[in-house]
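The structure under discussion appears below in the form of structure tokens.
The values are calculated or read from the model by the stated rules, or taken from the named source; none is laboratory data. Remember, predicted model here, so these are calculated numbers, not experimental data. Note that we place each Cβ from the backbone using ideal geometry, even for glycine, and neighbour counts take in every protein chain shown.
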Amino acid sequence: MTKTKTLQTWAGNAEFKYYGSVAAGTIIPIYGYQRMLITASHYESLLDHFRGCTVDLGASFNPPGGSIGDWLRSNVTKTKIAPQVGAILVAEGYGERIGKTGIKIL
């Protein structure tokens, strides 16, 4: 089992834990009872889709079209996980935070 990592959510108002990495895939416990699996291939597809782009993270329950949150809803899960995924991408060096809601995928 991989080591648990703890980060702040995108807005910085809560902590969350996750297991794994972008390269290996992650498990993110959500709402205390649900575990979201984001596979390495999900991350690879997300990074390929947004590489070099600065976009809105889309951390709301109704993310704007073209945002990472919208992509996650269409390709991974309807559950709101963009605040965690954005924080993971930045922490692991795959993204750079731009202002309050933007993220540049490197």
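Tabulated results
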{"read-out": "Any hit, the range 56-64, residues being among the small types (Gly, Ala, Ser), touching a Leu at 6+ places or on another chain (Cβ under 9 Å), surrounded by 14 or more Cβ atoms within 10 Å (Cβ to Cβ) and assigned to a loop (DSSP other than H, G, I, E, B)", "value": "yes"}
{"read-out": "Which listed residue is surrounded by fewer than 19 Cβ atoms within 10 Å (Cβ to Cβ) and either of a type outside the set (A, V, I, L, M, F, W, C) or modelled with pLDDT under 95 (or both), from Gly69, Gly12, Gly95", "value": "Gly12"}
{"read-out": "Total residues in the range 1-36, condition closer than 14 Å to Thr79 by Cβ and out of contact with any strand residue (DSSP E or B) (no Cβ under 7 Å at 6 or more places or on another chain)", "value": "4"}
{"read-out": "Pairs, first of a type in the set (Asp, Glu) in the range 44-57, second not in a helix (DSSP H, G or I), C-beta under 7 Å, six or more apart", "value": "Asp56/Pro64; Asp56/Ser67; Asp56/Thr101; Asp56/Gly102"}
{"read-out": "Members of the range 85-105 that are of a type outside the set (S, T, N, Q), touching a residue at least 24 places away in the same chain (Cβ under 8 Å) and over 19 Å from Tyr18 (Cβ atoms)", "value": "Ile98, Gly102, Lys104"}
{"read-out": "Of all residues making up the range 65-106, the number that are in a helix (DSSP H, G or I) and within 11 Å of the chain's Cα centre (by Cα)", "value": "14"}
{"read-out": "Qualifying residue in the range 39-55 (condition: surrounded by fewer than 19 Cβ atoms within 10 Å (Cβ to Cβ) and at pLDDT below 95)", "value": "no"}
{"read-out": "Residue in the range 72-79 that is crowded, with 19+ Cβ neighbours inside 10 Å, at negative phi and of a type in the set (Ser, Thr, Tyr) present", "value": "no"}
